[in-house]
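J.: Encoded as structure tokens, here's the structure I'll be asking about.
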Amino acid sequence: MIELTELSYRYPGSEKQAVAGIDFTIRRGEIFGFLGPSGAGKSSTQRILIGLLRGYGGRVRVMEKELGAWKRDYYRHVGVSFELPNLYGKFTALENLNFFAKLYDKAHLDPLEDVFLATTGRGLL
């Protein structure tokens, strides 16, 4: 299902690699977790796998397809779970809602309409 070979990543401006030569394979039905000290590359690897970081070295394949070959349909096949409720502090609440809605190509309600319905008593959030 997920195959990483020699995965590496260096943040722009950093001399140290955040991810340095990681190899692993996760097969269908397996449960996998990341354990390690702060700075070991756990979050960076996850960010690569969900498409938030590009420009990595090595090879990443998900469901027998190179990660870079996936389009928006990728997010129909993977789930993303953040270690803490995640909001981007530089985004407004509406920008956060719109950002996460764009991860999925399924129909969704307009966040502004939801707020209107909730505040007018015409619906529930």
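Where a number appears in this text, it was derived from the coordinates with a stated rule and is not lab data. Keep in mind the model is a prediction, meaning the values are calculated, not measured. FYI the Cβ positions are ideal-geometry reconstructions off the backbone, even for glycines, and counts take in every protein chain you see.
J.: Sort out which residues of the stretch 52-73 are farther than 13 Å from Tyr9 by Cβ and small (Gly, Ala, Ser), and write them in order of number.
T.: Gly68, Ala69
J.: Which ones in the stretch 13-31 are over 14 Å from Gly57 (Cβ atoms), part of a loop (DSSP other than H, G, I, E, B) and either of a type in the set (A, V, I, L, M) or in contact (Cβ under 8 Å) with a residue 24 or more places away in the chain (or both)?
T.: Arg27, Arg28, Glu30, Ile31
J.: A further question follows. For the stretch 43-65, give me each residue that is over 13 Å from Leu7 (Cα atoms) and exposed (fewer than 15 other Cβ atoms within 10 Å of the Cβ).
T.: Leu52, Met63, Glu64, Lys65 - these are the residues of the stretch 43-65 that are over 13 Å from Leu7 (Cα atoms) and exposed (fewer than 15 other Cβ atoms within 10 Å of the Cβ).
J.: Have a look at Ala107, Ala40 and point out the one that is outside any helix (DSSP H, G or I), over 16 Å from the mean Cα position of the chain (by Cα) and surrounded by 12 or more Cβ atoms within 10 Å (Cβ to Cβ).
T.: Ala40
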